[in-house]
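**Student:** Mind looking over this structure? Questions follow.
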Amino acid sequence: MKHIKGLFLLLCLLFALTAVLAACDSQEPAADTTAPQADAPTEAPTEVSTDSATEAPTETPTETLPDAETTPPAHETEEETTAFVPPVADPEEAAALELPLDGDHYVIGGENAAMDPMKQISFLKNYASSYEDKTFTVLGKVNEDENGNLVLSLGEDAGFVTYFDGIDQPVLGSYVSVTATWTRTVDMGDYVDFACFTMMASSCEVLGEAKGPNGGTLMYITASSLNVRSSPDSSVSDNKVGLLYSGDMVEVLETELGNGTWCKITFDCDAGYAYISMKYISTEKP
């Protein structure tokens, strides 16, 4: 009887041990199924954060660039809208100088002029555009400036560059009355300067023969080259003081000297004068 109870206890112990081992085996698959669930959360956030990080910066500058390119700086806008405004002449001052702004024809210079032509020229320099396309009669002396332009002078360093298109050009130094239009010769836009204007002559009347600074007659050399001598004598060679060439202008002080074929001229030498042959001078430019 004791043996039967002992065997029964041994069987129960083996059955319990077997149940415990079976329970341990059934828990191993559960551990395997939870492992991939732990890996999944680490991959999904990586993809989402990568896409959002790369797309966001590319959209923002694309929208703001056109605004930066089309908006000019404030100082550039000011430069484009700023324009030169010509000075406006005072009507009363213009009338006092016999240059009324509503006039059509003006006279400057002449022995009987009531107004100082120098003041009139100075006024025209300041308000040149106010007299554009106006007609002037100017009485003065024909000179030549450093650029070779004919200048109708009314005083020292005061005159108008004058063009005689289609009109016989007066002799330099002659005293003339010129009717001309005050016109702009250079397109300077809104900018106005006296040097941009000139006289375009429509008529020219010679009032007096050409006179030099010493009262002599202005004439031209017609020879290709001409000796200038300190005495009216060509038989000696040591009296040569210079040469003149075709087209050169000289101021003739006296004529028919020596044997009647020499003339005395103003010349840049020690004496201030010299002699040339009368055969090679003329009042007309060759």
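The values are calculated or read from the model by the stated rules, or taken from the named source; none is laboratory data. Since this is a predicted model, take the numbers as computed values, not measurements. With ideal geometry, Cβ positions are generated from the backbone for all residues, glycine too; neighbour counts draw on all protein chains shown.
**Student:** State which residue is farthest from K125 (Cα to Cα) when the search covers only the stretch 161-201 and only residues that are in contact with a helix residue (DSSP H, G or I) (Cβ under 8 Å, 6 or more places away or on another chain) and either modelled with pLDDT of 85 or more or of a type in the set (S, T, Y) (or both).
**Tutor:** T185
**Student:** Checking G208 against (1) surrounded by 13 or more Cβ atoms within 10 Å (Cβ to Cβ); (2) under 18 Å from E284 (Cα atoms), which single condition isn't satisfied?
**Tutor:** Status for G208: all satisfied but (1).
**Student:** Still on this structure: Can you pull out every residue in the stretch 257-268 that is exposed (fewer than 12 other Cβ atoms within 10 Å of the Cβ) and more than 41 Å from the chain's Cα centre (by Cα)?
**Tutor:** N259, G260
**Student:** Can you tell me which residues in the stretch 131-150 are crowded, with 19+ Cβ neighbours inside 10 Å and under 20 Å from T185 (Cβ atoms)?
**Tutor:** Result: Y131, F136, V138, G140, V142, L150.
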